[in-house]
Amino acid sequence: MAISTISTRPFSDQRPGTSGLRKKVSVFQAPHYLENFVQSIFDTRTDLAGGTLALGGDGRYYNRQAIQIIIRMAAANGMARIIVGQGGLLSTPAASCVIRKYKTNGGIILSASHNPGGPDGDFGIKFNTANGGPAPESVTEAIFARTLEITGYRTLEAEDIDLDTIGSVALGETRVEIIDPVTDYAALMEELFDFERIRHMFSAGVFRMRFDAMHAITGPYATRILEEILEAEPGTVINGEPLEDFGGGHPDPNLVHAHEVVALTAGRNAVDFAAASDGDGDRNMILGRNFFVTPSDSLAVMAANAHHIKGYTGGIRGVARSMPTSQAVDRVAEALGLDCYETPTGWKFFGNLLDAKRITLCGEESFGTGSDHVREKDGLWAVLFWLNLLAVRKLSVQAIVQEHWRKFGRNYYTRYDYEEIDTEAANGLMTQLQARLAELPGSVLNGYTVDYADNFAYTDPVDGSVSENQGIRIGFTDGSRIVFRLSGTGTAGATLRIYLEAYEPDPEKQQRETATVMQPLVDIATGLAEIEARTGRSEPTVIT
């Protein structure tokens, strides 16, 4: 099998965002586009030559073709071993599990997470380092720098390999191993959670749940673990077959896009518990009967109840949350005497804290929670955590959360997303907010007194690296907050996200509707940012 070096020219738009490089499928299908980025990974991660690479993706359109391209390139670049999920599939948390279990030199994950798929949808690629987590900025910046100077890439002249048969095949000097994508992950989950207790809860016949895999990667994982191992009733997993276009849906597990499973929690025949996960399996939504658990509350409840869970009975070291995530977990950490870290958005920022054993649990408001078992957020892990907690506490989801509020106070929380707005308008909006920060402290806005106003910067306590301009924060003296941030996960235009938080310590006032409580803050935020005048949008695309 001959190795060929293909001449190419740089693309200027291959800087990875918070979760890798994401573009439309058609961009990745352009000649040399994917290859340039992959070769840039191999050129900068020299330890991969002679080493082991994990490889898989979420099954979206172009996944299988991209897997074959990467396998040939990896072989041409001297990888000794490539571990690939059967069918080219690996959920993002399962990929992290595989990297860590088999001590690979890193992994390539093909996913655009919760973004839509199909020929006209999105595609993505990211590199995870040997700890199983997303590459830190020092690595992604080196990869980007290489993409700007690349002149050629190496590939092996070979036929496609069979991705669907478990086993090992030789490709030149490289050994390609096709593994069951679920087995290693399921074994890890059984170490962490009391499967026998959860199984008993299902077998009693009084507890009903539904899990919406949204025709994405988590379907096979949820079916194997929930229906086969834990013996939940057949049909517990809905939309369980991974499809290249996610069945035409938007695989984002929120109240809008996962409306089918949300509906199953309402009415006379409502299920007791429901959940959903996203395109690549790292996000989660938790629901009780007629009750939605915000991701911020979910993290806080997990931290407060970790001692009930098999894998965490020895206690947790500390917790971390992304800056826009509500401060609910901060209150738990204070009560338990735990360290609590506030990081920028992006799971890679938790990696150093986890590796340094400073934290055990971490989470983001964007439907992501996780622990030190892998180095990615993990949707199905969060669902199993809640199932284990329900089996131990023998209370409803609503009862557990409301008990938590009575003890720690309630952090009302909501997020407004303005998607695919004009990039120039979005940047102008943030620039004018930045210019006003110095004048805001001490001012009174709609009855709220501004305590502080800044653009969040983070100094990593482990390696000292600094990340600036991570989002504009406006905090009020009563504990309320407004955060403005441009998201790095979209592929068209800009996504403006506004995060709003209000704290209510009085149990007598904790049952008010979120929309009512948040409206004064919404008015402040939209007025300060001049949303309609600058973007032409009178309403957000999504409210969560």
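The values are calculated or read from the model by the stated rules, or taken from the named source; none is laboratory data. All of these numbers come straight from a predicted model, not from anything done at the bench. All Cβ positions, glycine included, derive from the backbone under ideal geometry; neighbour counts span all protein chains shown. Only protein heavy atoms, including side chains, enter the accessible area calculation; ligands, DNA and RNA are left aside. Shrake-Rupley method; radii C 1.70, N 1.55, O 1.52, S 1.80 Å.
Charge tally around Val139: other residues with Cβ under 12 Å, Lys/Arg +1 each, Asp/Glu -1 each, net +1. Extension gain for Gln432 to Glu532 (0.36 nm times residue separation, less C-alpha to C-alpha distance): 34.6 nm.
Put +1 on the Cβ of each Lys and Arg and -1 on the Cβ of each Asp and Glu in the chain; which of Pro507, Phe291, Gln65 then has its Cα farthest toward the positive end of the dipole? Toward the positive end, the furthest listed residue is Pro507.
Assuming 0.36 nm per residue, please report the length gained on full extension of the stretch Thr423 to Thr183 beyond their Cα-Cα distance.
Working: separation 240, 0.36 × 240 = 86.40 nm, distance 4.31 nm.
Going from the current span to full extension adds 82.1 nm.
Mind grabbing the base-10 log of I(q)/I(0) for the range 343-434 at q = 0.17, 0.20 Å⁻¹? Debye formula, identical points on the C-alpha positions, no solvent, two decimal places. For the requested q values the scattering log ratios are -0.99, -1.11.
Residues in the range 110-119 carry Karplus couplings, in order, of 9, 6, 10, 6, 8, 6, x, x, x, x Hz; the curve used is 6.51 cos²θ - 1.76 cosθ + 1.60 with θ = phi - 60°, and Gly or Pro positions show x. Inter-label distance, Ser443 to Arg317: 4.3 nm, where each label sits 7 Å from its Cα along the C-beta direction.
What does the accessible area per residue of the chain come to in Å², with a 1.4 Å probe and no ligands, DNA or RNA counted? Before the final figure, lay out the partial values.
Details: 20070 Å² over 544 residues.
Dividing the accessible area of the chain by its residue count gives 37 Å².
Other residues with beta-carbon under 10 Å from the beta-carbon of Ser4 carry, at +1 per Lys or Arg and -1 per Asp or Glu, a net charge of +1. Look at the dipole of the chain built from charges on Cβ: of Thr129, Ile6, Gly370, the Cα furthest out on the positive end belongs to Gly370. Computed 3J(HN,Hα) for the range 366-375, one whole-Hz value per residue from the Karplus formula 6.51 cos²θ - 1.76 cosθ + 1.60 where θ = phi - 60°, is 7, 6, x, 9, x, 8, 7, 6, 9, 10, glycine and proline marked x.
Assigning unit charges at the beta carbon (Lys, Arg +1; Asp, Glu -1) and nothing else, what dipole magnitude in debye, to the nearest 20, does the chain show about its Cα centre? Numbers along the way, then the final one.
Details: 49 positive and 70 negative charges, 157 e Å.
I would put it at about 760 debye.
Counting only Cβ charges, +1 for Lys and Arg and -1 for Asp and Glu, the dipole size of the range 74-161 around its Cα centre is about 520 debye.
At 0.36 nm per residue, and after removing the present C-alpha to C-alpha distance, how many nm does the segment from Arg175 to Glu191 gain when stretched out fully?
Values: separation 16, 0.36 × 16 = 5.76 nm, distance 2.98 nm.
Full extension from Arg175 to Glu191 adds 2.8 nm.
Work out the FRET efficiency for Asp13 and Thr477 from their Cβ-Cβ distance, taking R0 = 35 Å, and round it to the nearest 0.05. Show your work: numbers first, answer last.
Details: r = 43 Å, r/R0 = 1.24.
Given R0 = 35 Å and the Cβ-Cβ separation, E is 0.20.
For the pair the range 514-544 and the range 385-408, the centres of their Cα atoms are 32 angstrom apart.
Work out the P(r) tail for the range 251-381: percent of alpha carbon pairs separated by more than 24 Å, whole number.
Details: 2341 of 8515 pairs.
Result for the distance tail: 27 percent.
A simple spin-label model places the labels of Ala457 and Tyr102 4.3 nm from each other, with each point 7 Å out along Cα-to-Cβ. Placing a pseudo-label 7 Å from each Cα along the Cα-to-Cβ vector at Gln29 and Ile6 gives an inter-label distance of 1.6 nm. When you count the other C-beta atoms within 10 angstrom of each residue and take the mean per peptide, 257-267, 459-469, 69-79 line up highest first as 69-79, 257-267, 459-469.
On the basis of the beta-carbon distance and an R0 of 51 Å, Asp162 and Val206 show a calculated FRET efficiency of 0.65. Here the chain has 47 percent of its accessible surface on carbon and sulfur atoms, given a 1.4 Å probe and all protein chains in place. Amide H to amide H distances under 5 Å link Leu163 with no residue, where only residues 5 or more positions off or on other chains count and H is placed in the peptide plane.
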